[in-house]
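Following: one structure in structure tokens, then a few remarks.
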Ligand code: FAD
């Protein structure tokens, strides 16, 4: 079986305790030599400085390739490009470019006056700098705002054509969901890699609510399995086994890269990676 290339997503810490937790997570996962690690950008642009500081600190102290997430929400073009300059100064060469969700309470995304109207405009502007490897979001079960999945895939193609090198998907619970989507993207002429977003299930009741809000299908068998596992106190065991099995199926279907949503907790991601053959690799200079 192919040993996958992995990447890990974190969110920026909001206080000292959370900073230590992120640092511990990075210590556990960085020996797995990820392709890159990424740091999210708070909804509504709320973590602008925190994201910049987190990407800078991670880059400086770990030498890992760090990607900053960036959205169009709540900022003019000039403000957004200033944030981008800050990322570049911090040593960032990779950006996950997103439109972003509307601020809480607003049902629909409304561009800020003078701001990017959509993700394609943002990607075009970032691409024109020639400074960054760009990645974008993709939605195997269709974005809730898309008219239908064909329209959603057509929009993804526009994002790739605007300069994105790769797409990272929303999480999903069954491998077929991703594989069907990958086939449809290929049929639509998308040649850039589509990398599955993998979310190990840390807290089923909480994730279930989140999945419902995102429009992610929740298979009945998963509910049953977690009901029993929660009763028996073996959720982590079930989560690791299910996630490993799903990744294993994806790899057997030719998937080569996996993007893990770590939620700043390393254990499940580490255990799944180990089970897939992604094991700690000492840097040669440290061994010699
Ligand atoms: P887009 O793909 O640009 O738009 C979403 C959908 O709406 C499209 O798929 C398309 O169907 C439709 N659409 C939008 N505009 C048009 C148009 N002009 N014409 C036709 N169709 C259109 N959010 C954050 O706030 N911070 C983060 O750090 C963050 N990280 C993420 C990482 C990943 C890997 C993913 C998958 C999502 C992330 N999100 C993040 C969530 C994301 O911001 C939301 O899902 C948001 O609603 C859509 O952003 P997008 O860039 O994917 O949107």
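Miscellaneous remarks
- Segment 4-83 and segment 188-267 have Cα centres spaced 22 Å apart.
- Only DSSP H runs of four or more residues enter the estimate; each adds -39500 (n - 2.57), and after division by the residues of the chain the mean residue ellipticity at 222 nm equals -14500 deg cm²/dmol.
- Highest mobility in the GNM of the chain, judged by mean-square fluctuation with C-alpha springs under 10 Å and restricted to 140, 175, 113, is found for 113.
- Highest-MSF residue in the chain out of 241, 167, 220 [GNM, Cα springs under 10 Å]: 220
- Taking a ≥ b ≥ c as the square roots of the Cα gyration tensor eigenvalues, segment 165-276 comes out prolate, since a/c reaches at least 1.5 and a/b is larger than b/c.
- Candidates 168, 276, 237: whichever shows maximal mean-square fluctuation once the chain is modelled as a Gaussian network with Cα springs under 10 Å: 237
- With Cα atoms as the point set, the chain shows a radius of gyration and Dmax of 18.7, 57 Å.
- Counting every pair of alpha carbons in segment 135-174, the share spaced more than 12 Å apart comes to 56 percent.
Every number here is computed from the coordinates shown, using simple stated rules; none is lab data. Model, not experiment: these values are computed from the prediction.
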